[in-house]
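The values are calculated or read from the model by the stated rules, or taken from the named source; none is laboratory data. Keep in mind that this is a model prediction, so the values were computed, not measured. Note that each Cβ is placed from the backbone with ideal geometry, even for glycine, and that neighbours are counted across all protein chains shown. Areas reflect the complete protein model, heavy atoms only, side chains present, ligands, DNA and RNA absent. Shrake-Rupley method; radii C 1.70, N 1.55, O 1.52, S 1.80 Å.
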Amino acid sequence: MLLVHGRNGAPDQPQIAEIAEAYLAAGWRVIAPELPNSSALLESGPASELTLTGHLAAAAEAWHWVLSEWPSETCALAGHSIGAFVIAHLAAGTPTTHHVLAVSPAVSGLALLDARRAMGPPAVAELEREAPLFRAEMETQDAAPALARTNARLGVVTGAEDGIVPISYARTYFASAGNGRFFGALPGEHHCPAGPACADMLKAALAALGA
């Protein structure tokens, strides 16, 4: 399973480790790369240069490596936030993908921008200051068409109190796919769910996905 972190993410962050641990407990091999332009990874390059297309390209390289390294194995995708945006595109291009597990999933750049606008002008200004290239792409990048082309089983786990990806947009992500199997919202959790309740929810999601 390839696990794709989000903006300013890292494989050892709690919300990413929680996903990895759920898969490891289910007997999967987990590949969780450090992707470029994350403020949490000091040698990954400037966080200001992050783009959705760049995040996708970097994750695609890792995914192609996984598929070439284990060509006869069952392979799956999991991602958090814009990592979920990325895995929608990867799954659309790989019909053999067993399943997709999206946590706090960003369905589009516009959805992320709308959520920022709901937080108020300072939140939008902060984004424009910290990630101007990312902001410039937001109104044109959409994972929904890729999800519509994806035959893989889909599961979504999200925080019911998430302000970055409000639950309505997580539901849009789920509804955009043709083979949705599991949708779970964690009460009291925000954008980076972790802890015992999240672990139980992830376990249930993997069971529903046949993982």
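Observations
- Residues that are surrounded by fewer than 19 Cβ atoms within 10 Å (Cβ to Cβ) and either assigned to a loop (DSSP other than H, G, I, E, B) or not charged (D, E, K, R) (or both) within the range 139-165 comprise GLU139, THR140, ALA144, PRO145, ALA148, ARG149, ASN151, ALA160, GLU161, GLY163, listed in sequence order.
- Only listed residue being crowded, with 20+ Cβ neighbours inside 10 Å and of a type in the set (Lys, Arg), chosen from ARG7, ARG29: ARG7
- If the condition is being of a type in the set (Gly, Ala, Ser) and either in contact (Cβ under 8 Å) with a residue 40 or more places away in the chain or surrounded by 17 or more Cβ atoms within 10 Å (Cβ to Cβ) (or both), then the range 61-80 contributes ALA62, ALA76, ALA78, GLY79.
- Whenever a residue of the range 86-98 is in contact (Cβ under 8 Å) with a residue 60 or more places away in the chain, its partners that are hydroxyl-bearing (Ser, Thr, Tyr) and surrounded by fewer than 24 Cβ atoms within 10 Å (Cβ to Cβ), lying with C-beta atoms within less than 9 angstrom and at least six residues away or across chains, give the pairs ILE87/THR97; ALA88/SER176; LEU90/THR97; ALA91/THR97; HIS98/THR74.
- With respect to the conditions (1) at pLDDT below 95; (2) buried (at least 22 other Cβ atoms within 10 Å of the Cβ), ALA111 falls short on a single one, namely (1).
- Qualifying residue in the range 181-196 (condition: farther than 23 Å from GLY109 by Cα, more than 15 Å from the chain's Cα centre (by Cα) and in a helix (DSSP H, G or I)): yes
- Condition check for LEU209: in contact with a Lys or Arg (Cβ under 8 Å, 6 or more places away or on another chain) and closer than 18 Å to PHE85 by Cβ: no
- Some residue of the range 171-183 being in contact (Cβ under 8 Å) with a residue 24 or more places away in the chain, of a type in the set (S, T, N, Q) and within 24 Å of GLN13 (Cα to Cα): no
- Summed over the range 166-177, the residues that are open to solvent by 40 Å² or more (accessible area, probe 1.4 Å) and of a type outside the set (A, V, I, L, M, F, W, C) give a count of 4.
- Here PRO196 meets the list (1) exposed (fewer than 14 other Cβ atoms within 10 Å of the Cβ); (2) at pLDDT 95 or above; (3) farther than 19 Å from ILE16 by Cβ almost entirely, failing just condition (3).
- Residue identified as exposed (fewer than 15 other Cβ atoms within 10 Å of the Cβ), aliphatic (A, V, I, L, M) and at pLDDT 95 or above among ALA136, ALA102, ALA131, ALA88: ALA136
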